[in-house]
Amino acid sequence: MAFFEARGHTQVPSASLVPAGDATLLFTNSGMVQFKELFSGAETRSYRRAVDYQRCLRVAGKHNDFEEVGRTPRHHTLFEMLGSWSFGDYFKRDAILWAWEFLTVEAGIPADRLAVTVYKDDDESADIWLKEVGVPADRLARWGDVDKGNDANFWRMAETGPCGPCSEIHFDRGADLSCGPDCLPDHSEHCPRWLEVWNLVFMQYEQHPDGRRTELPFKSVDTGMGLERLASVSQQVLSNYDTDLFLPIHAAMRKITKHSMAEFDAQRFSYQVIADHSRAVTFLLADGVRPGNEGRGYVLRRIIRRAVRHARLLGITKPFLGAIAREVVAIMGPSYPYLRDGETAILEGIEREEAQFARTLDAGSSLLGDALGELGAGESVVGRRADDLPAASPTLGGEIAFKLHDTYGFPIDLTVELAAERGVAVDRAGFESALAEQRERSRGGKKAALAEIAVTTALYEEILRRVNETEFVGYEQLDAESTIVGLLRDGAEVTSLAAGDEGQLIVGRTPFYSERGGQVGDAGQILDARGKILAEVSDTQRPVGALTVHTVRAAAPLKVGDAVAMRVEPVRRAATMRNHTATHVLHRAIRIVAGADAKQRGSLVHPDYLRFDYPLERSLTRDERDQTEAEVRRAIREDMAVVVAQMSMGDAVKAGADAFFDEKYGETVRTVRMEEYSHELCGGTHCRATGQIGSFVITSERSIGSGLRRIEALTGAAADEYLRQQSRTLEASAEAAGAQDAHTVPQRIAALQAELKEAKRRAKAGGSARIDLAALAAQATRQGEISILVAMLDVEDDEALKEAAKQLRKKMGAGVLALVRPAETPEIFVSVEGSAEHDAGALAAAAATALGGRGGGRPAMGQGRGAVGSSADEAANALAKELGVAVTRS
């Protein structure tokens, strides 16, 4: 950092792995992500030179190193990118000269061990290297032709956005490691001789969705150097995994495995996978990502499960990843203090996901093992790659790979890896077809939507460069005079809208708040000078930079250049303000009640209600929910002043203001303080004092994913009406139940339930007598010394199912008893006695998982329940297939 700071660069903190305000990326995959809008001209900052170290993740999309991790000495999921930047300031000459000086002087790398590459026709860069730096001609290579599909020495962050030619600096590890007679820098991805150390990208163009590349408004520089690679060169080791960034992680693993160095070397592939993945998992959890079945959550789940699988290869069957994450925090915490702050949540997230995967790993591995066995698979060879398999290798069907993914939570790359180790290929096309069919059913045209976003974003960036930022005056006023500077209809710019047209309107200044920070956009009207309504505004957005776009339905003709009056709907804005201020109060209250780690992970501030997401491994107890409501109401009664201030980001952090992982902040930030109670970075609209919130009531608290909870609440008149309706409902319930008053409803319901239970018991006594349990037990299949029975049993409830199991167990003796009760959520009960080969808990878990539900238990007894509407027949058939018997029906 000091080297570039001395050359006029401003140090900028690392951004989150979750890109703020960028729908085109799952993760921050390079250092330039947080600077993207500076390159396009959509954003400006006080500095034109920057230096940073940025945590990055490459596991999805165009930049995906997942398959190479652990196999090569240089690929990682998570890595740190050292970057220097110029935004319309210096260009190629300074970037090249400073990079060379840093490596050869500051880092002490011998100049004769370095070589460079440039884009095919980048003569300017080539001349600087050859004539000014003095690189020998035989140490400079030209590669790349982007128009012919060769992206070498041409960099772009994604399919659209800023891009340009680049020049790479490579370290020569020695001729004895050459990959052949034509061994040149960047000629082969896997060549052990040349290590790309630094990439100097010269941003000149904007890549458009239609394939066009246009000149950016100014030329910029983006340089990126992987810290792990620089460490391997500086520490004179051939692998990044042998640097001090990874050695402590290997040591922590060896404490668990008790392996010698010889055993470590023999199983280095698995050790390297775990070392890499433990870093990625730790940072992703710290940045607020939670394991799930879609998007970022699914990527995190894949990484955790691949690490667990490789731990199994090392003989580790108990949870281990938490201990390794602690080591990661110890190594990285000094540079990323937020890891230490979030360590408890990180470890809890890992522990929960490890436990969940352990329940299905054995069952899924058994299914895969059977399928591979039927294909004549050979012995396992750890580390064998799918790409190395002969063309005539047997192939696992895509439908089986999809079942492993969909039913057992096996990521496809784990199935491919396990199959390849036994010499079997996987029908990826068949898997992708099944997956695409499922996604199409559940999510429709998401890909088309993303493509549309990219096209629309590019259009708005062009408009922003032409009309400049929209001035927002809505903190102080709800009305403003302005001029129309842009109109759009059906995704294209137009000069006018006719009455009845729907489109988007852009003005020079507006009182309308655009959706951001969780707060929805304003609605209102566009009027002429006489007060006539020209258009209704239904939504307000900020698609790029500070360009505000109003969604309108024209009531009269509109054209670019018209003078108009903007009027925000005041009642809607006031309700939104109440809910936003209440969200801040709730944030403090939930941390007081549930603990300091219950920090905001997302929110929605709507005029009708508020929604608040926070991390917690359990639901709130009834008392905690009541305490939270009471604390918010206390803060409302205190009528604390809400004070807004502008300050630098650094000053806000020093003052203790809360910031959120999914928000993008500039150099100057807006803070909202409620005395000493709450202090947050926030650009939203708020009440003047907490007393203006009025009422507050929580309407729901539920899980929305692994380790993530959601509260929904009402304020003001909406809260009053909700409580009024609750009271009326309770009074009606008391009358219907025959209770004396509302206070005795619980006792009356308890009495009615007791009566119903007794009636069911009597009915069951008559119904159970009709099931011939002795005849059913006689149909059990003998396998050696034990009996096995899988039966569908249509009884009243789970208690009847357990009672039947108890009687059947007495009649069967030693063996496996698996009963399935048809119901809206099918119930599964498994009992094992006198058989060490079978695990009741595992059988119940596998059957329940096959129905999209959950199950488990002990080796002697297991229970499970399918998802709502799932098939009891499917559960019984799965159990019968696993146990090698037929299903018996009562």
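Running Debye on the range 275-421 with equal point scatterers at the Cα sites and no solvent, what base-10 log of I(q)/I(0) appears at q = 0.15 Å⁻¹? Each listed q maps to, in turn, -0.79. Comparing the range 466-604 with the 2.2 N^0.38 Å rule of thumb, its C-alpha radius of gyration ratio is 1.20 (two decimals). Treating each Cα of the range 284-323 as an identical point scatterer and summing with the Debye formula, the log10 of I(q)/I(0) at q = 0.21, 0.23, 0.25 Å⁻¹ comes to -0.68, -0.76, -0.83. Each Cα pair under 8 Å and six or more residues apart adds its sequence gap; the mean of these over the residue count of the chain is a relative contact order of 7 percent.
Amide H to amide H, with H built 1.01 Å from N, W198 comes under 5 Å of I169, counting only residues 5 or more places away or on other chains.
The HN-Hα couplings worked out from phi for the range 201-217 by the Karplus form 6.51 cos²θ - 1.76 cosθ + 1.60 (θ = phi - 60°) are 9, 9, 6, 10, 10, 10, 8, 9, x, 7, x, 6, 10, 10, 5, 6, x Hz, whole numbers, x standing for Gly and Pro. Provide the FRET efficiency to the nearest 0.05 for the E67-M647 pair, computing r from the beta carbons and using R0 = 35 Å. Result of the calculation: an efficiency of 0.15. Here E159 and Q747 are evaluated by their C-beta separation; at R0 = 45 Å the FRET efficiency comes out at 0.10.
For the range 252-341, the spread of Cα coordinates along the three principal axes comes to 38, 32, 20 Å, biggest extent given first.
In summary, the lysines within cross-link reach of K757, defined as a Cα separation below 29 angstrom excluding same-chain residues under 8 places away, comprise K802, K806, K810, K811.
Annotation for the range 258-301: trypsin sites (Lys or Arg not before Pro) lying in DSSP loop with at most 10 further Cβ atoms inside 10 Å of their Cβ are K258. Look at the dipole of the chain built from charges on Cβ: of I771, C56, V12, the Cα furthest out on the positive end belongs to I771. The packing ranking, built from the mean of other Cβ atoms within 10 Å per residue, places the peptides 814-826, 329-341, 855-867 in the order 814-826, 855-867, 329-341, highest first. Under the criterion of Cα pairs below 8 Å and six or more residues apart, the relative contact order for the range 812-871 equals 33 percent.
Note on the range 773-890: Cα convex hull, mean projected area over all directions, 5.9 nm². Roughly how many Å is it from the Cα centre of the range 75-140 to that of the range 531-567, as a whole number? The range 75-140 and the range 531-567 have Cα centres separated by 49 Å. Label-to-label distance, R782 versus E294, with points set 7 angstrom from Cα along the beta-carbon direction: 5.4 nm. Accessible surface calculations at 1.4 Å, restricted to protein heavy atoms, place the chain at 44 Å² per residue. For the range 245-321, a simple Cβ point-charge model (Lys and Arg +1, Asp and Glu -1, everything else neutral) yields a dipole of about 240 debye relative to the Cα centre. Cα convex hull, the range 615-740: 146 Å³ per residue, rounded to a whole number.
Spin-label model, A175 to D138: label points 7 Å out along the Cα-to-beta-carbon direction sit 0.8 nm apart.
The alpha-carbon of K255 sits under 20 angstrom from the alpha-carbons of these aspartates and glutamates, leaving out residues fewer than 8 places away in its chain: D242, D244, E263, D265, D276, E327, E351, E354.
Screening the chain for whole DSSP H helices with an alpha carbon extent of at least 30 angstrom along the helix axis and a mean Kyte-Doolittle hydropathy of at least -1.0 yields 343-374, 446-467, 570-594, 716-737, 745-769.
Only protein heavy atoms count here; on that basis, with a 1.4 Å probe, V560 has an accessible area of about 60 Å². When you restrict to C-alpha pairs under 8 Å that are six or more residues apart and normalise by the size of the range 776-833, the relative contact order lands at 35 percent. Taking a straight line from the alpha carbon of K559, these aspartates and glutamates sit under 17 Å away, with near neighbours fewer than eight places off in the same chain left out: E481, D490, E493, D501, E502, D528, E536. Under 14 Å from a label point set 7 Å out along the Cα-to-Cβ vector of R509, the amide N atoms of the range 553-573 belong to 564-567. Of the solvent-accessible surface of the range 227-339, computed with a 1.4 Å probe and all protein chains present, 54% belongs to carbon and sulfur. With viscosity 1.306 mPa s and temperature 10 °C, the Kirkwood radius over alpha carbon pairs of the chain converts through Stokes-Einstein to a diffusion coefficient of 50 µm²/s. Relative intensity of the range 688-831 on a log10 scale, I(q)/I(0) at q = 0.13, 0.17, 0.21 Å⁻¹, equals -0.83, -1.00, -1.17, per a Debye sum over C-alpha point scatterers of equal strength in the absence of solvent. For the range 801-860, the C-alpha radius of gyration divided by 2.2 N^0.38 Å, with N the number of residues, is 1.09.
Only the Cβ atoms of Lys and Arg (+1) and of Asp and Glu (-1) were treated as charged; on that basis the dipole of the chain about its Cα centre amounts to roughly 2160 debye. In this structure, E755 and A20 have a Cβ-Cβ separation that, at R0 = 45 Å, corresponds to a calculated FRET efficiency of about 0.20. Dipole magnitude for the range 271-355: about 360 debye, using +1 per Lys or Arg Cβ and -1 per Asp or Glu Cβ, origin at the Cα centre.
The values are calculated or read from the model by the stated rules, or taken from the named source; none is laboratory data. Just so it is clear, the model here is predicted, and its values are computed rather than measured. Using ideal geometry, Cβ is built from the backbone for each residue, glycine included, and neighbour counts are taken over all protein chains shown. To get the accessible areas, we keep the full protein, side chains included, count just its heavy atoms, and leave off ligands, DNA and RNA. Shrake-Rupley method; radii C 1.70, N 1.55, O 1.52, S 1.80 Å.
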